[in-house]
Amino acid sequence: MKALVYTAPGNMELKEWKLPELESGFARIKVKYCGICGSDMGIYAGTHPRTEAPLIPGHEFVGIIEEINGSKRGFCKGDRVVPFPLISCGHCISCRSGRPYICQTLRLIGIDFDGGMAEYAVVDENQLVKVDDRLPDPIAALIEPFAVAVRAVHQSKFTFLDNALVMGAGPIGILTALALRRSGASKIILSDIDDRRIALCKKMGFDCVNSGDVFLPDYISDETGGDGMDFVFECSGTEPATYEATNLARMQGTVCMVGIHKKPHVSNLPELSFKEQTLVATRDYSRQEFEGAAKYAVEMKEELEQLISHIIPLSQAENVFELIKNQEGETVKVLIDCR
Ligand SMILES: [Zn+2]
Ligand SMILES: [Zn+2]
């Protein structure tokens, strides 16, 4: 089969690749679409702490079961599925206490094992989740990042009529804003520094400001009558946003860290203490949250679809990582068409 293979830092090569044997309980999936995530960009750059070449990346994919070796869970040929990509050890303290998504040795399909940027993927049926017939294929590839946003909202303990600022209007920031809107937010403000992403947010009906042009503390103060936001979701992974977040959240407000920070960025802890704020972090999602995102995506398909900025055929996907690296603002969610 054809596969996009990470061979060395800065190198993704379209190669002829041999599929592994179909062990008992495993399914061969004909991949339809596979999304490219921030962590895939880390793999490409060679900065992902665990990934070793050669590897087929891709943990955000949808496909059809073409063959399954002895299903015990009722899957059969022709089922449309997405993989729940988290694989936990089952015996560490997190796993023993019912939180396998923060397993101490958590591994992921597409990061530690071959993933979906290929014509086929071989996946343990225990990892598979069926996709609702009403959900179009490309949107099903967004279930995984949407699950990240669902978890962020759950972790933050956001409730109906609270307001929120989302810092960073990349895919995760916009998905978080969508989840907040569906959760009954009384006001949602997004901030970013890229005008194209800001324009997209506005098109989707969000209030979105350019934090390079507008002085955000003044803007938030004006918008909240001087109170500050109930919730700030840090989705940019940058130091200025991290530092500013506590200043923008209200007394006893919550700052939720969603973005991936590649180094220990400075945060304003005196402000956090003084305001008795809650700082909460979120990393991935539980199985329930993932399955919930898969179900609920049907209700949100029109909104989710707007995030897909590019669909690139697998045959031309070698250079797509360079495109995302150089055109961060222009690309939002990029999918690889693996059919
Ligand atoms: Zn992802
Ligand atoms: Zn574990």
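The values are calculated or read from the model by the stated rules, or taken from the named source; none is laboratory data. What you see is a predicted model; the values in this text were computed from it and never measured. Because the Cβ atoms are built from the backbone with ideal geometry, glycine has one as well, and the counts that use them run over all protein chains shown.
If we keep just the residues of region 232-265 that are of a type in the set (Ser, Thr, Tyr) and closer than 14 Å to Ser191 by Cβ, which is nearest to the chain's Cα centre (by Cα)?
My answer is Ser236.
For region 80-87, state whether one or more residues are over 19 Å from the mean Cα position of the chain (by Cα), more than 19 Å from Cys235 (Cβ to Cβ) and not in a strand (DSSP E or B).
Filtering region 80-87 for residues over 19 Å from the mean Cα position of the chain (by Cα) gives 80.
Cutting the leftovers down to more than 19 Å from Cys235 (Cβ to Cβ) gives us 80.
Of the ones still in play, those that are also not in a strand (DSSP E or B) are none.
No: region 80-87 contains no residue that is over 19 Å from the mean Cα position of the chain (by Cα), more than 19 Å from Cys235 (Cβ to Cβ) and not in a strand (DSSP E or B).
State whether one or more residues within region 311-323 are in a loop (DSSP other than H, G, I, E, B) and surrounded by fewer than 14 Cβ atoms within 10 Å (Cβ to Cβ). Write out each step before concluding.
At the first step, the residues of region 311-323 found to be in a loop (DSSP other than H, G, I, E, B) are none.
Within region 311-323 (the criterion being in a loop (DSSP other than H, G, I, E, B) and surrounded by fewer than 14 Cβ atoms within 10 Å (Cβ to Cβ)), the answer is no, since none of the residues qualifies.
State the number of residues belonging to region 49-79 that are outside any strand (DSSP E or B) and either touching a Leu at 6+ places or on another chain (Cβ under 8 Å) or touching a residue at least 24 places away in the same chain (Cβ under 8 Å) (or both).
Kept after step one, since they are outside any strand (DSSP E or B), are these residues of region 49-79: 49-54, 56-59, 69-79.
Subset that is either touching a Leu at 6+ places or on another chain (Cβ under 8 Å) or touching a residue at least 24 places away in the same chain (Cβ under 8 Å) (or both): 50-51, 53-54, 56-59, 69-73, 75, 79.
So the count comes out to 15.
Scan region 197-228 for residues that are among the β-branched types (Val, Ile, Thr) and crowded, with 17+ Cβ neighbours inside 10 Å and jot them down. So that I can check it myself, show each step before the final result.
Going residue by residue through region 197-228, those that are among the β-branched types (Val, Ile, Thr) are 198, 209, 214, 220, 224.
If the condition is that a residue be among the β-branched types (Val, Ile, Thr) and crowded, with 17+ Cβ neighbours inside 10 Å, then Ile198, Val209, Ile220, Thr224 are the ones that fit.
Restricting the search to region 174-184, which residues are more than 14 Å from Val255 (Cα to Cα) and within 21 Å of the chain's Cα centre (by Cα)? Let's see the steps before the verdict.
Taking region 174-184 first, the residues more than 14 Å from Val255 (Cα to Cα) are 174-175, 177-184.
Residues satisfying the conditions are Ile174, Leu175, Ala177, Leu178, Ala179, Leu180, Arg181, Arg182, Ser183.
Got a number for residues in region 37-48 being within 15 Å of ligand 1 (Cβ to nearest atom), part of a loop (DSSP other than H, G, I, E, B) and out of contact with any Gly (no Cβ under 6 Å at 6 or more places or on another chain)?
Within region 37-48, the first condition is being within 15 Å of ligand 1 (Cβ to nearest atom), and the residues that meet it are 37-44, 48.
Right, trim to part of a loop (DSSP other than H, G, I, E, B) and you get 37, 48.
Narrowing the set further to residues that are out of contact with any Gly (no Cβ under 6 Å at 6 or more places or on another chain) leaves 37.
Summing the residues that are within 15 Å of ligand 1 (Cβ to nearest atom), part of a loop (DSSP other than H, G, I, E, B) and out of contact with any Gly (no Cβ under 6 Å at 6 or more places or on another chain) in region 37-48 gives 1.
Just to confirm my filter: which strands (runs of 3 or more DSSP E) fall fully inside region 100-169 and include at least 3 residues that are over 25 Å from Trp17 (Cβ atoms) and not acidic (Asp, Glu)?
Values: elements: 120-124, 128-130, 163-167.
Correct list: 163-167.
In region 58-85, what residues are at pLDDT 95 or above, farther than 25 Å from Ile311 by Cα and either within 15 Å of ligand 2 (Cβ to nearest atom) or buried (at least 16 other Cβ atoms within 10 Å of the Cβ) (or both)?
Ile68, Phe75
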